[in-house]
Amino acid sequence: MSKIFETPLYPYQRSADQDAGHTARHKVIVIGAGPVGLTAAIDLAQQGVPVLVLDDNDRVSFGSRAICFAKRPLEILDRLGCGEAMVEKGVQWDTGRVFVDEEEAYSFNLLPEAGHKNPAFINLQQYTFEEKMIERLRALEVKGAPIELRGGNKVTALSDNGDHVRLEVDTPEGSYLLEADWLVACDGANSATRRMLGHDFKGRVFEDNFLIADVIMQADFPAERWFWFDPPFNRGQSALLHKQPDNVWRIDFQLGQNIDREEELKPENIKRRLRAMLGEDAEFELEWTSIYTFQCRRMEKFRYGRTLFAGDAAHQVSPFGARGANSGVQDSDNLAWKLKLVIEGKAPESLLDSYSDERVYGADENILNSTRSTDFITPKSKASRTLRDAVLTLARRHEFARPMVNSGRLSVPCTYDGSALNGPDVAQLPQDTRPGAPMKDADTGAGWLLDKLGNRFQLLGLGLEVPEVLEVDGVQIEGLNLPAKGEVKARYLGDAGAAVYLLRPDQHVAARWLAYDKAAVRAALLNAIGKG
C-alpha cells in the first residue's frame, strides 16, 4: 500500500508572521494545497509574484481520488516545470472501450493524430500528482522564488475589506491574523471560504451512489479506459476499470440510490463485488475505498471583490469525463497571468472579471457535458431508460448509434468563444485555432511548438517576419518566427500562405491576421488586458 499520503510533506512550522507583533500583509494568499491551489501558486511564483499557500492539512490527499489528467493540463504543467515528471510516472493512454453486457460496443481514440508532445491522458493518483507539485514548489523555494507553503494553518474567519482580505488562521500553537491583497480560494467542494463569505452553488444534486475501489494487483488488462453498461458482475448498473501506476487499479461500481453505505463499504462486500468481476481466484489488496455521490453545480461568479474562487471551490461536476481536477488546473492557468498584470499595475482590476466570465463559460460547458453523461449512465425515468437501452442495443450492431452512447464525454479544453478579450479574426484560417482557442501542439522540426511558448504575450509569425520584441503600455510581447510548413502549417494556416497570431500568456489565441500590422497588434493587446 502506498504510504505517500500517510507522511507529512509540509508539516506545521511556526512562521515569522506569528511573532511579528503586527498583522503581516501578503500580495497573494492561496487557500488549499491541492492540484488547483498548487498550480496557481507555482505559476505566480515563477512569474515573480509573492504567494503564500495555507493548508489545514500537512500532507497530500488520502486515496487516489482524481486520477485522469488530460493533455491540456499536462501542457500547462510543462510550463510549470513538473509536467514531464507527471507523464514519466503516469500510465499513458488514449483508447477507451465501451461494453454492453460482455460484448464490446465500440472503442475510441482520443488522440488519433501524431505531432503532440503529451499523450491524450495519463492516469496518476492524486497523492502522487500533489507530491510532484510539492517537489516543484520546494525546488522553486531553493532557487529563491517568492513562494511559501504552510501546513497546519487553517483559515477560520475572513472578511473582504475593499482593498484587502483579512484572515484569521488557526494553528497548533494558536491563532494569528493575516492580510492579503488578493485571496485565491482553492479549498475544495466543501470550501470554508465560500461559506464564510456567504456564497453558494446553483445547479443539480444527483442521488446515485458509486463505489470506488482502488485495488493493488498484478493484472494484464491494457492501459485503456474500460466502461461497462449492465455487466454480468453488476447487473442493471455500470462499472469502470482504469490502470494506475504501481499496480493499482481503479474500479468503480454503480450502486444506485437508497443504499446502506455502511454495509456497502464493508471489506467483505467490496471483495465480493471484485471477485464477481475479476474471478473467484483473483488476488488483490484494497488500497482505498469510498462511496461517492456528486453534483453538477457552480457559484454564480468566481470573483467577489478581492477573493477569487477556483476548482471545486467554484464549481463541481460528476466524475464522468474527468473534468474536475482538469478544469481546476485550467482555472488557475487563466487566473495567474491576469492577477500578475493587475498586481503590477499594467492592467485594470476589471481584467479579473474576465477570469470569472471565461471560467464560468468553461464551467457551464463542463456541467452541460457532465450532466448529459450522468443522465445517460443513470437514467431517471422509464422513458429515458428505454431510450438509453435502445441506443445500447443498436450500438452493438450499427455504427451510426455509437456516437450516441455516452459513458462520459472526456475532458477537452475550453475555447472562450465570445470573450471580451478576443481580438480580430480571419475566416481563411483554421476554425479550431480561432481567438479564444487553446494553442495546439505541433512538431516544428526544431522542437515542440508549445515548448517554444512561455507564460507571456507572444506574437507568432508563420511564413512571415514579426518583431522580436514589441512593447505596448508596459506589457512586453516577444516574437517567434517559424516557417509555414509541416504540422504547423496544417494546424495554423490551412490554405493560407502566412499568418500572425497574438497569443496570451495562458497559450490561448488572442487575435490573428494574415499580415503583420503594428497598430492592429497594439489594439488587440490592449483589448486582451482589459484596456480595449
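Put one equal scatterer on each alpha carbon of the range 431-528, apply the Debye formula with no solvent term, and list log10 I(q)/I(0) at q = 0.16, 0.23 1/Å to two decimals. For the range 431-528 at q = 0.16, 0.23 Å⁻¹, log10 I(q)/I(0) is -0.58, -1.30.
Full extension of the chain segment joining D246 with Y292 gains 14.2 nm, where the gain is 0.36 nm per residue of separation less the Cα-Cα distance. Between D425 and S350, the distance separating the two model label sites (each 7 Å from Cα on the Cα→Cβ line) works out to 2.3 nm. Placing a pseudo-label 7 Å from each Cα along the Cα-to-Cβ vector at K271 and A498 gives an inter-label distance of 7.1 nm. Going from the residue with the fewest nearby Cβ atoms within 10 Å to the one with the most, H242, H398 rank H398, H242. Listed values for the range 242-252 are Karplus-derived 3J(HN,Hα) couplings in whole Hz (6.51 cos²θ - 1.76 cosθ + 1.60, θ = phi - 60°), namely 9, 8, 10, x, 6, 6, 9, 10, 8, 10, 10, and x replaces Gly and Pro.
Note on F206, F294, F121: ascending count of other Cβ atoms within 10 Å places them as F206, F294, F121, the fewest first. Using only Cα coordinates, the Kirkwood hydrodynamic radius of the chain works out to 24.5 Å. Based on C-alpha pairs under 8 angstrom that are at least 6 apart in sequence, the range 431-528 has a relative contact order of 31 percent. Estimated purely from DSSP H runs of n ≥ 4, each contributing -39500 (n - 2.57), the mean residue ellipticity at 222 nm for the chain is -8500 deg cm²/dmol once divided by its residues. List residues of the range 163-186, by number, whose backbone nitrogen lies under 20 Å from a label position 7 Å along Cα→C-beta of H22. Backbone N within reach: 163-169, 176-182. A simple rule links phi to the HN-Hα coupling: the Karplus curve 6.51 cos²θ - 1.76 cosθ + 1.60 with θ = phi - 60°, which for the range 348-365 gives x, 4, 4, 4, 5, 5, 5, 4, 4, 4, 5, 7, 5, 4, x, 5, 4, 5 Hz, with x for Gly and Pro. If r is the Cβ-Cβ distance from D451 to D230 and R0 is 51 Å, what FRET efficiency results, to the nearest 0.05? Calculated transfer efficiency: 0.70.
In this structure, the amide hydrogen of V30, modeled 1.01 Å from its nitrogen in the peptide plane, lies closer than 5 angstrom to those of L52, V53, L54, V184, counting only residues at least 5 positions away or on a different chain. Per-residue extension of 0.36 nm, minus the Cα-Cα distance of K518 and R385, leaves a gain of 42.1 nm for this segment. The ranking of H508, H315 from fewest to most other beta carbons within 10 Å of each one's beta carbon is H508, H315.
Computed over the chain, relative contact order equals 14 percent, with contacts defined as Cα pairs under 8 Å that lie 6+ residues apart.
Bear in mind these aren't lab numbers, they're just calculated from the coordinates by the rules spelled out. Remember, predicted model here, so these are calculated numbers, not experimental data. As a convention, Cβ positions derive from the backbone with ideal geometry for all residues, glycine included, and neighbour counts pool all protein chains shown.
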